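Have a look at the structure below before the remarks.
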Amino acid sequence: MYSIGELAKLSHSTVRTLRYYDEIELLTPSHLSDGGHRYYEEVDVIKLHYIKALKEMGFSLTSIRQMLEHQHLSHKEALAMQLKMLELEKERIEQRTSSIRFLLQVSEFEELTNWKDVFKRFQMNSSPTPMEVYEKIWTNHFSKDEVQSLKQLPRIGDDTETMKGYTALIHDIRQNIDIDITSPEAQALAERWLSLTKTIFQGNTTLAQKVWDKQKETKGNIGMYQFDSDIVNFIERAFAYYYKINYEKE
């Protein structure tokens, strides 16, 4: 037989852990001395290694106890159960990750400054709008081919280089919102905007301009993100000057 200290050393566990397993009736000692000392037999050692192996695979202590209580559960069934649990957890993590990424990007777009604004925005977008809703709106303003192109556009919350560049650009515009639009800094921002627009719309600048115009015409009610007036004003003025000095002189 092994004392609790000997078993802890043998199994590379801790006495505290073994006492806890006893408290939750996951691994109870085979014998208790008159003085209350715990002693374990070989069968307990095997059971402990079984518990440690299942923990290493990711099973919770609750799941392990259920498995020990229902020995009819085969190793394949147990692993399949754990795989399903991990898949569900992965899905929950991906959903939370997407929500946080969405809020970070919107924080740049809208300059959210406090938790109240963040929570309000989160409640407004607790679940993504189905693409079918956007399609229905777009068909009132765009052709079938244009709608198909719009469906391929990046969306806020996407983890792509395009959205990272888009978010960074809006941040930089907001930081320079009051500079002279004829300055090199403003023109560099206008050039980045043009380059990013071409990337997002896959070179279809005609559609990009149509979307921009429809956004203004419908006051943002076409299922596209609507920037605040300061951002819109800066982009239009900076790009108008950029176009003038780079294209009109040709």
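The values are calculated or read from the model by the stated rules, or taken from the named source; none is laboratory data. Predicted model, so just to flag it, every value in this text is computed and none were measured. No Cβ is skipped: glycine too gets one built from the backbone with ideal geometry, and neighbour counts run over all protein chains shown.
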Run down TYR134, TYR225 and say which single residue is touching a residue at least 60 places away in the same chain (Cβ under 8 Å) and surrounded by fewer than 18 Cβ atoms within 10 Å (Cβ to Cβ).
TYR225
Condition set of a type in the set (Ser, Thr, Tyr) and farther than 18 Å from LYS84 by Cα, scope the range 36-64, selection nearest to the chain's Cα centre (by Cα): answer is TYR50
Residue within the range 183-190 that is surrounded by fewer than 17 Cβ atoms within 10 Å (Cβ to Cβ), in contact (Cβ under 8 Å) with a residue 12 or more places away in the chain and touching an Asp or Glu at 6+ places or on another chain (Cβ under 9 Å) present
no
Which of the numbered conditions does MET67 fail, given that it passes all the others? Conditions: (1) touching a strand residue (DSSP E or B) at 6+ places or on another chain (Cβ under 7 Å); (2) under 30 Å from GLU87 (Cβ atoms).
(1)
Mind counting the residues in the range 8-31 that are more than 23 Å from GLN66 (Cα to Cα), under 40 Å from the mean Cα position of the chain (by Cα) and of a type in the set (Lys, Arg)?
0
Which one of these does GLY5 not meet: (1) closer than 17 Å to ARG65 by Cα; (2) modelled with pLDDT of 90 or more?
(1)
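Quick grid of which residues meet (1) at pLDDT below 95; (2) more than 22 Å from the chain's Cα centre (by Cα); (3) of a type in the set (S, T, N, Q):
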residue	(1), (2), (3)
LYS116	yes, no, no
ARG121	yes, no, no
MET124	yes, no, no
GLU132	yes, yes, no
LYS136	yes, yes, no
THR139	yes, yes, yes
GLU161	yes, no, no
In the range 228-250, anything among the hydrophobic types (A, V, I, L, M, F, W, C) and surrounded by 16 or more Cβ atoms within 10 Å (Cβ to Cβ) is listed as ILE231, PHE234, ILE235, ALA238, PHE239
From the list TYR20, TYR39, which one is part of a strand (DSSP E or B), of a type in the set (Phe, Trp, Tyr), surrounded by 13 or more Cβ atoms within 10 Å (Cβ to Cβ) and touching a Leu at 6+ places or on another chain (Cβ under 9 Å)?
TYR39
Given (1) closer than 24 Å to GLU111 by Cα; (2) touching a Lys or Arg at 6+ places or on another chain (Cβ under 9 Å); (3) surrounded by fewer than 17 Cβ atoms within 10 Å (Cβ to Cβ), where does GLN175 come up short, assuming only one miss?
(2)
